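The values are calculated or read from the model by the stated rules, or taken from the named source; none is laboratory data. Owing to the predicted nature of the structure, the values given are computational and were not obtained by experimental measurement. Heads up, the Cβs are rebuilt from the backbone with ideal geometry, glycines too, and the neighbour counts pull from every protein chain shown.
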Amino acid sequence: MKACKAFIIVFIFILTLPTTAFALFLGPYWGRVLDSRTGEPIPGASVLVYWEKWVADIMGGHSELIKATLVYTDDKGAYQIPRTFCDLGLLAALESTTVIIYEPGYEAHIIGISHLFPREDETSLFKETDYVVKLDRIPPNFNHNKHYERMVQALYGFGFREIVLTADRAHLRGEKFDDERLSRIRARNELLGRAEWEERRR
């Protein structure tokens, strides 16, 4: 009984904390995208980064998409994703960061990093600053359909999936979906649109 009361007191205390106590900055991120064979910069490559958070609830918890940002490399193959303030809210923690770098004619560079249960091999694969990625050209026998599906899976995390389904339901009901959440879906669809175009072109 005492343990139950203590749990209730702690739970109420957490709920009364200001939400700004659970905030963080994401980024900035910058780097370059190069051709692995020639070392030349790849201009116009898509660089998409999205973040998900884990939110505790009475059922245990669930994932939510925080933000998705899509940029393109310049003539020197350089990209920059600005620093973003994120108010996680109550009982939430940064769960994962996903990075997808893609240019038609090259194999996509995909990294998923778990922040709740980090693995050393994941964190060593990605640097927030001066991150140089060398993309491999697609070989003659490359399976474009599997390549496209790999990107779809990377862009279909639990939080992303929920926001896409919610947008679809809102559209069917004729309801308005806020611009901030729509921007995340647009970033996803824009990247997949390029990959889909390449797959159809073959």
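Quick grid of which residues meet (1) closer than 20 Å to Glu190 by Cβ; (2) of a type in the set (Phe, Trp, Tyr); (3) touching a strand residue (DSSP E or B) at 6+ places or on another chain (Cβ under 7 Å); (4) buried (at least 18 other Cβ atoms within 10 Å of the Cβ):
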site: Thr38; (1), (2), (3), (4): no, no, no, no
site: Thr84; (1), (2), (3), (4): yes, no, yes, no
site: Tyr102; (1), (2), (3), (4): yes, yes, yes, yes
site: Gly105; (1), (2), (3), (4): yes, no, yes, no
site: Ile113; (1), (2), (3), (4): no, no, yes, no
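Out of everything in segment 40-58 that is among the hydrophobic types (A, V, I, L, M, F, W, C) and surrounded by fewer than 19 Cβ atoms within 10 Å (Cβ to Cβ), what residue ends up being modelled with the lowest pLDDT? Looking at residues that are among the hydrophobic types (A, V, I, L, M, F, W, C) and surrounded by fewer than 19 Cβ atoms within 10 Å (Cβ to Cβ), I get Ile58.
Exactly one residue out of Leu15, Leu24 is over 25 Å from Arg137 (Cα atoms), modelled with pLDDT under 95 and touching a strand residue (DSSP E or B) at 6+ places or on another chain (Cβ under 7 Å), and it is Leu24. Of all the numbered requirements in (1) of a type in the set (Asp, Glu); (2) within 14 Å of Val49 (Cβ to Cβ); (3) at pLDDT 90 or above, Glu128 misses one, and that requirement is (3).
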